[in-house]
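Accompanying notes for the structure given below.
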Amino acid sequence: MTTTLDDIKSTFLAPFEELAEKVSESNETDKFSVTKKSALEAIENNAFPTTRNEEWKFTDIKSILSNKFELQSENSSLNSDLDLNELNYYLNGNKDLDSHVLVFINGHFSEKHSNIKETKDKISIKSLSNTETSSSAFEKFLDKFPSTSDKDSVSIFSDINAAFATDGYVIEIANNQELELPVFVYFVNDASQKNTLSQVRNYISVGENSRCTVVENYITKGENPNLTNVLTSVNVEKYGNVKHYKIQADAKSQFQIGSTHAKQADNSSFTNTTISLAGKLIRNDLRIVSGEHCESFMNGLYLLNEKTHVDNHTVIDHTRPNSYSNETYKGVLDGKSRAVFNGKIFVRQAAQKTNAFQSNKNVLLSDDAILNTKPQLEIWADDVKCSHGATTGKLDQEALFYLQARGIPKQKAKSLLLQAFAEEVLDSIEIDVLKEFLTNEIENRLSV
């Protein structure tokens, strides 16, 4: 008996049957509910991507779809005896780290694990489940964000998220405000007993001349396969500044499909830094639409070993003149790992005097590691400065010999060279505790 793509889709979507029924039968007419219904229709009409799809050419998601995942109930998730301090990568046990903390377990907000400190009246940090999504105020809030559905290469995952997300975080900052402390968000999958499936939907909106920093961390308890499907939307108004970090130092059994979509108003700044250190299969899609006099920074670092697979797809769309973007992605691949980088820079005709730069550099430590890189430029304007490039190679043998000649053991010398290679991305991290943590993680990894 042959298993068809429809069978696979049906099996994967089975955990959502109850939610699908609720969405389908809902009579709510608010924008959030209508979006869910539209997403449900899109799911029925779309298929999962295969390697025949250009945007998924090097990432085969059969390993995801071959698993049966279970949605965990809110009660069972929140009654967990989870002790975050026993988990690696929980940074907020560090006395030097003062921050807001939001914790989601299996996709559900855990108030008892979270710590949202008092903020100014014009700053709001809350979970989606504690947000009145049917209110007119929330509808106006939703209008600020970029579309996540038009010609989106991860549309079916985005649609599944839009239709069935169980929770997420909502950060709203009015004009002329600064969120002084960073927000650390932990998405914890408890896969100690079952294959788990988490769906989270996040929103960040920063008003004119305002700023904030958000750090997303992904943690798994247990070793069963688990999947996180996460979608984060970011809106940055004029002169606003958002720094968004994504730390993927999770379990080997972790699958993740993640999208970040950002829209920048004129004179705003947005920085995304994605660090991938572990996981079974990870797909990151980052899309930025920038206005005039904007600054956009995209930083990525992936240190892969064994059979880890990480696929980074990025798009920066310059729509108005005088903007600047700089993208630096670096990778170190060992074992039988595979990395995919696909970066696109669009410069529209109106975006004269755009400066856009993109770089992807990689070091392969084993003959079995595989890299597929594809930097791309599409320019319709004629007065711009743009460049892109990619390099892939082995460790610099001359530099290695130079260090060994000065008495440094070979393994230590290799570690030093690779740390220096990664330093450019680490230097972009402005939270000392986070930078120290990642530096130590990388040192441990590279000192093998």
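Hey, with R₀ at 41 Å, roughly what FRET efficiency would residue 209 and residue 391 work out to, going by the Cβ-Cβ distance, to 0.05?
E(calc), rounded to 0.05, equals 0.55.
What residues have an amide H closer than 5 Å to that of residue 388, excluding those fewer than 5 places away on the same chain, when H is modeled at 1.01 Å from N in the peptide plane?
The answer is 358.
Bins of 10 Å, beginning at zero and ending with the bin holding the largest distance: percent of Cα pairs per bin for the chain, please.
4, 21, 32, 28, 13, 3, 0, 0
If you keep only loop residues by DSSP, which GluC sites (Glu not before Pro) in the range 105-205 have at most 10 other Cβ atoms within 10 Å of their Cβ?
When the GluC sites (Glu not before Pro) of the range 105-205 are filtered for loop state and at most 10 Cβ neighbours within 10 Å, 118, 132 remain.
Which value in nm describes the separation of the simple spin-label points at residue 427 and residue 398, placed 7 Å from the Cα toward the beta carbon?
Result for the modelled spin labels: 2.2 nm.
Can you give the direction-averaged projected area of the convex hull of the alpha-carbon atoms in the range 17-71, in nm²?
Averaged projected area of the range 17-71's Cα convex hull equals 5.2 nm².
Contour minus end-to-end for residue 223 and residue 176, with contour as 0.36 nm per residue of separation and end-to-end as the Cα-Cα distance?
This chain segment gains 12.4 nm when fully extended.
Taking square-rooted eigenvalues a ≥ b ≥ c of the alpha carbon gyration tensor, is the range 329-408 rounded, prolate or oblate, where a/c under 1.5 means rounded and, failing that, a/b exceeding b/c means prolate?
oblate
Quick one: which residues, 5 or more positions from residue 352 or on another chain, have an amide H under 5 Å from its amide H? H modelled 1.01 Å from N in the peptide plane, none for Pro or chain starts.
The list, which skips near neighbours in sequence, is 322.
Expected output is a single nm value to one decimal: the length gained when fully extending between residue 348 and residue 25, i.e. 0.36 nm times separation in residues minus the C-alpha distance. What is it?
Between residue 348 and residue 25, full extension yields an extra 112.0 nm.
Set the Förster radius R0 to 56 Å, insert the Cβ-Cβ distance between residue 121 and residue 367 as r into 1/(1 + (r/R0)^6), and round the FRET efficiency to 0.05.
0.40
State in Å² the accessible area per residue of the chain; use a 1.4 Å probe, count heavy atoms of protein chains only, and round to the nearest integer.
I get 45 Å² per residue for this part.
Rounded to a whole number of µm²/s, how large is the Stokes-Einstein D of the range 354-401 at 20 °C and 1.002 mPa s, given Rh as the Kirkwood radius over C-alpha pairs?
162 µm²/s
Using only DSSP helix segments of four residues or longer, with each worth -39500 (n - 2.57), what per-residue ellipticity at 222 nm results for the chain after dividing by its residue count and rounding to 500?
That comes out to -6500 deg cm²/dmol.
Would you calculate the volume per residue, in Å³, of the smallest convex hull containing every Cα atom of the range 1-145?
Roughly 208 Å³ of hull volume per residue.
What percentage of the solvent-accessible surface of the chain, computed with a 1.4 Å probe over protein heavy atoms, is contributed by carbon and sulfur atoms?
44 percent
For the chain, which span is the longest to avoid every loop-located (per DSSP) member of trypsin sites (Lys or Arg not before Pro) having at most 12 other Cβ atoms inside 10 Å?
Counting at most 12 other Cβ atoms within 10 Å as exposed, the longest clean stretch of the chain is 152-393.
Can you give the Kirkwood hydrodynamic radius of the range 89-241 from its Cα pairs, in Å with one decimal?
With all distinct Cα pairs of the range 89-241 included, I get 16.3 Å.
Hey, could you grab the Kirkwood Rh for the range 175-267? Inverse mean 1/r over distinct alpha carbon pairs, Å, one decimal.
Averaging 1/r across every pair of different Cα atoms and inverting gives 14.3 Å.
Can you tell me what the convex hull of the Cα atoms of the range 72-151 projects to on average, as an area in nm²?
Value for the range 72-151: 8.4 nm².
With every protein chain left in place, what is the accessible area of residue 166 in Å² (1.4 Å probe, nearest 10)?
Taking all protein chains as shown, residue 166 has close to 50 Å².
Over the chain, what is the percentage of antiparallel beta bridges among all DSSP beta bridges, to the nearest 5?
Roughly 5 percent of the DSSP beta bridges within the chain come out antiparallel.
Just how many % of Cα pairs in the range 217-298 lie over 18 Å apart, if you round to the nearest whole percent?
Pairs farther apart than 18 Å: 45 percent.
With a Förster radius of 25 Å, plug the Cβ-Cβ distance of residue 192 and residue 435 into 1/(1 + (r/R0)^6) and report the FRET value to the nearest 0.05.
Efficiency, from the Cβ-Cβ distance: 0.25.
How long is the range 166-207 along each principal axis, judged by its Cα atoms, biggest number first, in Å?
Result for the range 166-207: principal-axis Cα extents of 47, 19, 7 Å.
The values are calculated or read from the model by the stated rules, or taken from the named source; none is laboratory data. Please read all numbers here as calculations on a predicted model, not as lab measurements. A quick note on method: Cβ atoms are made from the backbone with ideal geometry, for glycine too, and the neighbour counts reach across all protein chains shown. What goes into the accessible areas is simple: the full protein's heavy atoms, side chains included, and nothing from ligands, DNA or RNA. Shrake-Rupley method; radii C 1.70, N 1.55, O 1.52, S 1.80 Å.
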